[in-house]
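The values are calculated or read from the model by the stated rules, or taken from the named source; none is laboratory data. Note that the coordinates shown come from a computational prediction; the quantities given were computed from them, not determined experimentally. Note that we place each Cβ from the backbone using ideal geometry, even for glycine, and neighbour counts take in every protein chain shown.
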């Protein structure tokens, strides 16, 4: 049962915005205000390939950019009633969601088979915090696929996700929305813009939301946010803006269900292994970003973007763990619980007892009614603080018949994570049947005993140059190089193993691409890119990896893009990514790691976005990923790259007819292997998998007047039981999270 919240900020903001929305229908429109188009035949989106990337380091239109780029705009999120970054990313094939553990929460994704947990950006600068990113201040989301350390520094093996936040406009704007749903959702947003004079404006976006998860009775999402921004010098040679994002959440996390015999446990969707009376995930995000740019003349321009970020979190969660609850040889064995099953007795005849080589998880054939689980209770808190600056100088010049666009840049990035980890309570709560866990089970109270206080800091100085050369009207050549000086320090002054480590990497990252333009509205490209992943990439360092150089990889990509008039974009790409020095456990010294693994992903993608007709809008894509990992499950052992679907597809179509809009679509993700393990079962490899699934969504919107629109969205209309993400370390510690059941949302939107 959900805990009551009295007079909380989220409810107050949400109700306040909802009342404002309903009361604000009648005022007259200001001149220049943005509202629903007078004619339903107006195109509501911009052809993606005709857009300019928001990043200074990519000076060409997306059509002429030599890599796969997906753009999800605010308009599409509105059609789909998307409220978060994860909602937006379901429109991007090649992305799967990960689940966290032990304080690792928020947005966690795999992109083209590789973890992208540290590859979130906001307005071109790294967005390091662990939180669930809301879409209320999004202008668009850009997904740049493939390694590109010349553009982004560390990471980006599979690509990066850049959030483009809203900026002030030179026209008045007032938009309000309120949403209610069958999942007890109440969400409200406001978007207000006001110009000042001819070249300055201010904008404010506000959001409040509270909802449960359909079919998961205890999981709760509750957050609110505010995002003010000011801009000056709009449409002048010298311009700039200052943006601030504040977002807070207070959720009851969902750790899903355990794997059993390499599949999700066969339990009902609503089976909950957490303890909602105490489980919590709180975050507080404050990000201040400023930018100034100046155009000297047609040949020279300079821009500088700076950021200060402060992210804090508190995480207490309960998950299932097999632990010492299963199959003991006798009642005198250490860790034995009263009532725990004995191996070789009754229905458990033939089971192997708990030993050092056969740890605590049920073996194949054990009846589900005989299996117990313990409650894993990792908890922690912490802060992440970031200071960043990026300076870019752009110049255009000619050398003989060739035209150059040269961008030279300098980047500084300082990040520090101060964490507190508490002692796990996994042995303090009696085991419960896997088929019938009790979410109201008595527990020994909130853990306050500190186990570790790790402090990790990174300092990066980067310099780069990118030259795009127009050889003639049909050929473009890009050559880029970047140098990064990456340094990290780790201190663990408290706990079982006080320690200190320092780490330093000096890395050169090259990139090259060739673009051929058969016509002005088409391109064919071939690109080569690299990236590197240092040991402290995710603000964590240990004795096992402190001395290791970074993982490195390379990608070859061949692609084509076609723009059909001003209405439709069609793209296709094939790529080959290989990481030849992936970190794996040293077989001779299990406490250390070595760069002896290999990860390979070969794949292909196709995409379509825009208007098939003036009234029919479409976005769709398909991705095929053939993955192989050598060494992740043990030295020399070949297996899959975890949580990557071989086949993935999405489609959304929206038809506009007068005041009526109809939308429908599907998302398909094939079977994913959650992980591999060969260390705990000698001579065997455990390969759990998450079943593939298809979900169907639909929407209907009706414009009652020039100011008011009502919209009904339906999600997972067939009420399919599916699993969104997974976490797997070993056969006795793992989970996968069921997706929401059938959900209906009703939204009222007002534009004044």
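With respect to (1) surrounded by fewer than 23 Cβ atoms within 10 Å (Cβ to Cβ); (2) at pLDDT 95 or above; (3) touching a helix residue (DSSP H, G or I) at 6+ places or on another chain (Cβ under 8 Å), the lone exception for residue 561 is condition (1). Tell me, which residue of region 243-278 that is out of contact with any helix residue (DSSP H, G or I) (no Cβ under 8 Å at 6 or more places or on another chain) and more than 27 Å from residue 720 (Cα to Cα) is surrounded by the most Cβ atoms within 10 Å (Cβ to Cβ)? Among residues in region 243-278 that are out of contact with any helix residue (DSSP H, G or I) (no Cβ under 8 Å at 6 or more places or on another chain) and more than 27 Å from residue 720 (Cα to Cα), the one surrounded by the most Cβ atoms within 10 Å (Cβ to Cβ) is 245.
Kindly indicate whether residue 599 is within 22 Å of the chain's Cα centre (by Cα), at pLDDT below 95 and buried (at least 22 other Cβ atoms within 10 Å of the Cβ). In short, yes. Residue check: is residue 64 over 25 Å from residue 188 (Cα atoms), modelled with pLDDT of 95 or more and either surrounded by fewer than 22 Cβ atoms within 10 Å (Cβ to Cβ) or in contact with a strand residue (DSSP E or B) (Cβ under 9 Å, 6 or more places away or on another chain) (or both)? When the stated conditions are applied, residue 64 passes them. Note on region 280-353: no enclosed strands (runs of 3 or more DSSP E) hold 3 or more residues that are modelled with pLDDT under 95 and either surrounded by fewer than 16 Cβ atoms within 10 Å (Cβ to Cβ) or in contact with a helix residue (DSSP H, G or I) (Cβ under 8 Å, 6 or more places away or on another chain) (or both).
Taken over region 709-739, the criterion of being surrounded by fewer than 19 Cβ atoms within 10 Å (Cβ to Cβ), in contact with a strand residue (DSSP E or B) (Cβ under 7 Å, 6 or more places away or on another chain) and in contact (Cβ under 8 Å) with a residue 60 or more places away in the chain is satisfied by 721, 730.
Residues in region 411-443 that are assigned to a loop (DSSP other than H, G, I, E, B), at pLDDT 90 or above and surrounded by 19 or more Cβ atoms within 10 Å (Cβ to Cβ): 1 in all. Restricting 19, 5 to residues that are modelled with pLDDT under 50, surrounded by fewer than 21 Cβ atoms within 10 Å (Cβ to Cβ), over 24 Å from residue 170 (Cα atoms) and touching a helix residue (DSSP H, G or I) at 6+ places or on another chain (Cβ under 9 Å) narrows the list to 5. Just to be sure, is residue 483 without any contact (Cβ under 8 Å) to a residue 40 or more places away in the chain, assigned to a strand (DSSP E or B) and either surrounded by 20 or more Cβ atoms within 10 Å (Cβ to Cβ) or within 25 Å of the chain's Cα centre (by Cα) (or both)? When the stated conditions are applied, residue 483 does not pass them.
Scanning region 638-677 for residues that are without any contact (Cβ under 8 Å) to a residue 60 or more places away in the chain, more than 18 Å from residue 714 (Cβ to Cβ) and surrounded by fewer than 16 Cβ atoms within 10 Å (Cβ to Cβ) yields a count of 3. Does region 50-83 hold any residues that are in contact with a helix residue (DSSP H, G or I) (Cβ under 9 Å, 6 or more places away or on another chain) and more than 21 Å from residue 469 (Cβ to Cβ), and which are they? Matches in region 50-83: 50, 51, 70, 71, 72, 73, 76, 77, 80, 81, 82, 83. For region 383-410, how many residues are surrounded by 15 or more Cβ atoms within 10 Å (Cβ to Cβ) and either modelled with pLDDT under 95 or not in a strand (DSSP E or B) (or both)? Result for region 383-410: 0.
Quick one: would you say residue 526 is out of contact with any helix residue (DSSP H, G or I) (no Cβ under 9 Å at 6 or more places or on another chain), assigned to a strand (DSSP E or B), surrounded by fewer than 20 Cβ atoms within 10 Å (Cβ to Cβ) and modelled with pLDDT under 90? Criteria not met by residue 526.
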